[in-house]
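Just so it is clear, none of the values below were taken in a lab; they were calculated from the coordinates. Note that the structure is a prediction, hence the values are computed from the model and not measured. Cβ atoms come from the backbone with ideal geometry, glycine included; neighbour counts cover every protein chain shown.
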Amino acid sequence: MELRVLKYFLMVAREENITKAAELLHITQPTLSRQLIQLEDELGIQLFERKQHSIELTSEGMLFRQRAQEMIQIEEKIKEDFNHDAQHITGLITIGCGEALGVKYLSQIVSRFSKDNPLVKFEIITANSDTIKNNLDKGIVDLGLLVEPVDITKYNFKKMAQKEQWGILTKSDSSLAKKSLIKPQFLQTVLFVKVNIAITIKSTLQRSFKKYLQLFINSDLFSYC
């Protein structure tokens, strides 16, 4: 059963005249009559009661008209949906990011993009760089905002202009609290620090502070004193 034939049927049902319906459909009257007979044979029912100068729906034909209209409406809805998608971008974009200064810039990009593409939704997943990379590999996130140093050789990437700053938390009466800038050598007086941190940042701390601190590292956290 073709949608084209359903449209033929609906036109005849509306006009109640095969000749007039054929003219509106731009086909010959014999062709239209043959299509209707084939449709009735396919369904095994009589759709029309044929009279000398008109044609009317039978009770089965009335029920079939309702179903045919529903099918045509579905076809039109499908076409509308795909035509709409061709003109507007839709979908969900999942972004993995850490708590970094770049998030502010990212929010501005998302805001501008959303104004031009209001049908696109965004989902933000907060994680460290290693977890974000893992999620990228698994297809869980579409984009990742990573804090260097991080191995990005297998990804398409664009570096952001923002510079991230690291800091430390101390008591208000600590000598470090009075300094505007903390250098590695200042930490020689630190007795104990314990943090959970990504592997990529661990390696950076090892390189930066090895000269001044003794590091004790395991798989999940490290301490130095």
Count, lysine Cα pairs under 27 Å in the range 3-86, 8 or more residues apart or across chains: 5
- request: Compute the label zone of Lys104 within the range 163-188: residues whose backbone N is under 12 Å from the point 7 Å along Cα-to-Cβ.
  value: 163-165
query: Want the number for Asp137 to Lys121: 0.36 nm per residue separation, take away the alpha-carbon distance, what's left?
result: 3.6 nm
Mean separation of Cα contacts under 8 Å (6+ apart) over length of the range 3-86, as relative contact order %: 30 percent
- prompt: Can you list the aspartates and glutamates whose alpha carbon sits under 18 Å from that of Lys133, skipping same-chain ones fewer than 8 residues off?
  reply: Glu99, Glu123, Asp142, Glu148, Asp151, Asp220
task: Count neighbours as other Cβ atoms within 10 Å of each site's Cβ, and list the GluC sites (Glu not before Pro) in the range 1-34 that are DSSP loop with at most 14 such neighbours.
output: Glu2
- prompt: For Lys7 and Glu42, FRET efficiency with R0 = 22 Å and r from the beta-carbon atoms, rounded to 0.05?
  reply: 0.90
query: Going by a ≥ b ≥ c, the root eigenvalues of the Cα gyration tensor, does the range 91-145 fall in the rounded group (a/c under 1.5), the prolate group (a/b larger than b/c) or the oblate group?
result: oblate
